[in-house]
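Laboratory data are not the source of any read-out in this text; all were calculated from the coordinates shown. Owing to the predicted nature of the structure, the values given are computational and were not obtained by experimental measurement. FYI the Cβ positions are ideal-geometry reconstructions off the backbone, even for glycines, and counts take in every protein chain you see.
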Amino acid sequence: MARPKIAFVASDARKARRAKARLEERYGVRDTAGADVIVALGGDGFMLETLRRRLGEEVAVYGMNRGSVGFLMNAYEEDGLVERIEAAETTALNPLRVTTTDIHGAVGEALAINEVALFRETRQTAKIRVTVDGVVRMKELMCDGVLVSTAAGSTAYNLSAHGPILPIGSRSLALTPISAFRPRRWRGAILPERTRVGFEVLEHGKRPVSASADSTEVRDAVRVAVETDETRAARLLFDAEHDLEERILMEQFQT
């Protein structure tokens, strides 16, 4: 069996760039266009950026942590890289597609692998109406914000906002409020992956809200629609003994 063609990409962090130089000296330099596997060197933010660029392509992405948290990354180790990649397990992730309309009527689209989140822009609490598959499920949520998270993103900002951890195989989304004021006891919902979630910003002139899809932000959003894009997928490679499903399971037992 032919060995995989590997290309290396790195974040702007110094230790990531240095790692790229060492690995290319050892394993060779290749353009990403001709690669079977892209090795991403950096942190989770850089991994998300790399995955978004490769959505829908056959190339797989194997991350090695040269950042901080590195939840989506494998451990950094220069020895035996080809063998690790050949033994790695693949996880396919469908992104969220978000459609936004701002106060000027401008419509935009973006993709998110982790989450789509709405945030208040001023000191005043946001007021947001929530629909699920076209049905109003919450007439008015008063909060700092609200987010929709994929299973892969459920251990990121979603978990910090006290949302649930979702197993990769659950084909579910987490709908999680951020500092809900009313209804104060609402903790969110777990929804099927194919659900279409809609947000309408109430009193948007007085209580402006921004919407972000991972690192892409739209200011002064009025309407936001979120759904899973099943036509595209990102392919992640994880070391067999520590795949993404295992990482999510471990996170549920951290104290």
Percent antiparallel among DSSP beta bridges confined to the chain, rounded to 5, stands at 80 percent
Aspartates and glutamates within cross-link reach of Lys127: Cα-Cα under 14 Å, excluding same-chain residues under 8 positions apart?
Glu140, Asp144, Glu200, Glu203, Asp220
Cα radius of gyration and Dmax for the chain (Å)
19.5, 63
Report the Cα centroid-to-centroid distance between the stretch 136-165 and the stretch 95-117 in angstrom, as an integer.
16 Å
Amide H partners (placed H, <5 Å) of Ala10, local residues excluded
Leu41
Using the count of nearby Cβ atoms within 10 Å as a rough guide to exposure, how do Val148, Val37, Val224 rank from fewest to most?
Val37, Val224, Val148
Taking the Cβ-Cβ separation of Arg219 and Val82 as r and a Förster radius of 30 Å, what is the calculated FRET efficiency to the nearest 0.05?
0.10
Exposed loop sites here are GluC sites (Glu not before Pro) in DSSP loop states with at most 16 other C-beta atoms within 10 Å. What is the longest stretch of the chain lacking them?
122-192
Mind pulling the angle between the C-alpha long axis of helix 44-53 and the longest principal axis of the chain? Nearest 10 degrees, somewhere in 0 to 90.
90 degrees
Using the alpha carbons of the stretch 15-158, what is the convex hull volume per residue in cubic angstrom, as a whole number?
162 Å³
Candidates Ser212, Ser68, Ser149, ranked by Gaussian network fluctuation over the chain, Cα under 10 Å, top entry:
Ser68
